[in-house]
Amino acid sequence: MSNQNVTDYKDKLFRVVTFGAALVVLVVIVGIFASLVEQSLPAIRKFGFFRFLTTPTWDPVHEVFGAASSLYGTIVTTVLAMIIAIPVSIGIAIFMTELCPNFLKGAMGTAIELLAAIPSIIYGMWGLFTLAPIMGNTVEPFLQHTIGKVPYLGSLFSGTPLGIDILTASTVLSIMIIPFMASIARDTFTLTPQVLRESAYGIGATRWEVIRNVVLPYSKGGVFGGMVIAMGRALGETMAVAFVLGNKHQIAHSLLDASATITVTLANEFTEADSNMYMASLFYLALILFVMSFLTLAAAKFILKERAKS
Amino acid sequence: MKLKTIFFSLLLLAISPALMAGNTINGAGATFPYPVYSAWAFNYFRTTGVRVNYQSIGSGGGVRQIKNRTVDFGASDAPVKPAELKAGNLLQFPAIIGGVVPVVNVKGLSAGRLKLTGEALAEIFLGEIKKWNDPRIEALNKGLNLPDSEITVVHRSDGSGTTAIFTTYLSACSGDWSRKVGTGKSVNWPVGIGGKGNEGVANYVKRVKNSIGYVEFAYAKQSRMCYVKLKNKSGRFVEPSFESFKDAAAGARWNPDTGYYLWLVDAPGDGSWPIAGASFILLGKEKSAVNRKVVDFFEWAFKNGDETARKLIYVPLPESLKRSIRDYWKKNGID
């Protein structure tokens, strides 16, 4: 065999191996999707698609299952967590790239990365034993006495503040996703070319103007990407929320009410689900979450692509 | 040379479970009896060299695994129905007794002061009795100063055998409960907040004023919670204790022909605690060789394990029931 042939052969082998590795991902995804569909077939047949999505009842005893309440809980906790986390993490990123004195940079960066490395069960335990009492005894009564008095808005904070509710769960969630958003935003901020910054300063822009008109527009795409990743994490987060959300299947109008998310329902009820329809309905919920996460990511990709074009 | 050594030790490690398989019993299921089963397994291994590997994956999983015969025995906190046993060709017997205790947090009340009946408990959990000074509660507790404040109900948020036992009791005492809510490992609770696990419920009851919840006996005892006295079938108010659980188990009519299918709620007997339950073991009927090994383990535990169980605050089976189970094994070709 000539040298040339050996190289060709190696190239081919390399291609096959890497292609195989890439294929594994596809096979796994398709396999998970197929098995979710297969396992949830009995529930799909019994409850249909729209009826399952719009029924808020979750009654394992009488085998009446609907996804509306857990879907609602999933969306509300995620949106609320994003509302809390976005300003905080962009603030962190701006401080760290533009204002932070050098000696603090390393320490703060490490702290944020550590926050991301804490396993979610620890957030759950901390949430149950530390945060929930604080929320129930101090923060929520305070909110009730202030915002709670405002007409319309006040109804968001009605009810007895127990600390095991949507607000506490969203707070825990936001703490969990802040490190993702903050570190991605920080990285994209530092990618802003120094030339652009310096020319802005050169024509007399203030620090605030540089951040607002140069850095932020330049790194919009990256920040958005970080948000989507964080949102994906919030949608799928389980253990941290399971302890502080109460797993109550209701469409709650107050943020101080207990609720359920799809993953919390799965984690809480999967091990003890005994009837076939119960099991199938849990798989159906999982399927819905799978599709939802897929759609979120796809939409984000699409938006990023459109933006890159323009 | 070195690589080879590593390779062979890895290989040995990989096949060692297979080599040990002859001396290992695999079980899976209920989480509630896990501490006592693993304590028994540890002592059993020390005396006999037989390893019992028990995985607490949940009762639902335990039943599924033994039906598929992927384990040597399954364990469930809820008894499997006779028809289902027949369909799966399964044997079933109880191995340990546990129970559920209602606990409260009301200012000025100490453990055992508050008396309740099954009906009153059901009405509280239905949300029909809303305040502690409701005449239906006051009638049972003459002389007790109950506050005029709203009751917060705390229940389990995860599926659990504890909930199954508790709701079975409420259904037995209240027609309303059985019609509106029913029994199950997780139910559609009319009122209240959910805590995850016993620790979740205990935490909320301790923290939230004027609350009521239910936890496993062991949990109530260990964390010294304010338990409630309940009226049993004979009309007496009893405290949750080893004796009252044992009385409930001894007074019940266990039937080997139905695989001991029985909910130990509202059991007859003067001293019986009304919310008890057994945790069950499931065996594949046709696997006689494996079953012998499993039964050997439980026979050893029945003889030597009572003290261990009591230390962990589980209630051992009464002697009469142990005798009946031994006959049941014999009758099914295992001894």
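Just so it is clear, none of the values below were taken in a lab; they were calculated from the coordinates. Computed from a prediction, not measured in an experiment: that's the story for all the values here. Quick reminder, even Gly has a Cβ in these numbers, built from the backbone with ideal geometry, and neighbours come from all protein chains shown.
Annotations
- For the protein assembly as shown, share of DSSP beta bridges that run antiparallel, in % to the nearest 5: 65
- Positive end of the dipole of the range B:230-335 (Cβ unit charges, origin at the Cα centre): among B:W273, B:P318, B:Y328, the Cα lying farthest that way belongs to B:Y328.
- Taking other C-beta atoms within 10 angstrom as a stand-in for reagent exposure, A:D257, B:D148 fall in the order B:D148, A:D257, fewest first.
- Sequence-ordered 3J(HN,Hα) estimates for the range A:104-115 from the Karplus curve with 6.51, -1.76 and 1.60 and θ = phi - 60° stand at 8, 3, x, 4, 5, x, 4, 4, 5, 5, 4, 4 Hz, glycine and proline given as x.
- Rg of the Cα atoms in chain B, relative to 2.2 N^0.38 Å, amounts to 1.09.
- Once Rg and the Kirkwood radius are both taken over the C-alpha atoms of the range B:140-180, their ratio Rg/Rh works out to 1.09.
- Dividing the convex hull volume of the alpha-carbon atoms in the range B:174-226 by its residue count gives 106 Å³ per residue.
- Computed over the protein assembly as shown, the alpha-carbon pair-distance distribution with 20 angstrom bins reads 16, 42, 31, 10, 1, 0, each value a whole percent.
- Simple label model, 7 Å out from Cα along Cβ direction - B:K221 to B:E239, nm: 1.3
- Taking amide H as placed 1.01 Å from N in the peptide plane, the amide H of B:H155 sits under 5 Å from that of B:I193, B:G194, B:G195, each at least 5 places away or on another chain.
- When A:L297, A:L285 are arranged by Cβ crowding within 10 Å, least crowded first, meaning fewest neighbours, the order is A:L297, A:L285.
- Exposure proxy ranking, count of Cβ atoms within 10 Å, fewest first, for A:S35, B:S174: A:S35, B:S174
- Compactness of chain A, taken as the C-alpha radius of gyration over 2.2 N^0.38 Å, stands at 1.22.
- Per-residue HN-Hα couplings for the range A:199-209 [Karplus 6.51, -1.76, 1.60; θ = phi - 60°; Hz; x = Gly/Pro]: 5, 4, 4, x, 8, x, 6, 7, 4, 4, 5
- Residue-count net charge about B:K115 - beta-carbon cut-off 10 Å; Lys, Arg +1, Asp, Glu -1: +4
- Helical content of chain B, expressed as a calculated mean residue ellipticity at 222 nm, amounts to -12500 deg cm²/dmol (DSSP H runs of 4 or more residues, -39,500 (n - 2.57) each, divided by residue number, nearest 500).
- On Cα atoms only, tilt of B:242-251 relative to the major axis of chain B in degrees: 80
- For the range B:184-237 versus the range B:78-147, the inter-centroid distance based on Cα atoms is 8 Å.
- D (Stokes-Einstein, µm²/s), Kirkwood Cα radius, the range B:149-307, 1.002 mPa s at 20 °C: 122
- Computed [θ] at 222 nm, deg cm²/dmol, chain A (DSSP H ≥ 4; -39,500 (n - 2.57); rounded to nearest 500): -22000 deg cm²/dmol
- Here is the list for the range A:1-87: chymotrypsin sites (Phe, Trp or Tyr not before Pro) lying in DSSP coil, each with at most 11 other C-beta atoms within 10 angstrom of its C-beta, are A:F49.
- Solution diffusion estimate, µm²/s, Stokes-Einstein, the range A:192-289, Kirkwood Rh from C-alpha pairs, 20 °C, viscosity 1.002 mPa s: 124
- 5 angstrom amide H check on B:I25, placed H, neighbours 5+ away: B:R51, B:V52, B:N53
- Within chain A: Cβ-based charge dipole about Cα centre, in debye rounded to nearest 20 (Lys, Arg +1; Asp, Glu -1): 940
- Counting only alpha carbon atoms, the long axis of helix B:34-48 and the longest principal axis of chain B meet at about 30°.
- Degrees between helix B:161-173 axis and first principal axis of chain B (Cα, 0 to 90, nearest 10): 40
- Amide hydrogen neighbours beyond the local backbone of A:A260, cut-off 5 Å, H modeled: A:G73, A:K248, A:Q250
- Here the 3J(HN,Hα) profile of the range A:226-242, calculated from phi with Karplus coefficients 6.51, -1.76 and 1.60 at θ = phi - 60°, is x, 4, 5, 4, 5, 5, x, 5, 5, 4, x, 5, 10, 4, 4, 7, 4 Hz, Gly and Pro shown as x.
- Put simply, the convex hull of the Cα atoms in the range A:62-192 casts, on average, a shadow of 11.4 nm².
- Considering only A:T54, A:T110, A:S219, the residue lying farthest towards the positive end of the dipole of chain A is A:S219, judged by Cα position with unit charges set on Cβ.
- q = 0.10, 0.14, 0.18 Å⁻¹: log10 I(q)/I(0) that the Debye formula gives for the range B:221-335, counting C-alpha atoms only: -0.35, -0.65, -0.97
- Translational D in µm²/s for the range B:85-152 (Stokes-Einstein at 20 °C, 1.002 mPa s, Kirkwood Rh from C-alpha pairs): 147
- Remark on the range A:244-310: hydrodynamic radius 14.3 angstrom, per the Kirkwood mean of 1/r across alpha carbon pairs.
- Whether the range A:17-135 is rounded, prolate or oblate, judged on the alpha carbon gyration tensor where a/c under 1.5 counts as rounded: oblate
- Around A:M82: net Lys/Arg minus Asp/Glu count, Cβ-Cβ under 15 Å: 0
- Per-bin percent of Cα-Cα distances, the range B:63-189 [10 Å]: 11, 34, 29, 15, 9, 2
- Residues considered: B:A87, B:A120, B:A111. Largest GNM mean-square fluctuation over chain B, using C-alpha springs under 10 Å, is found at B:A87.
- Charge tally for A:S155 (other residues, Cβ to Cβ under 12 Å; Lys, Arg +1; Asp, Glu -1): 0.
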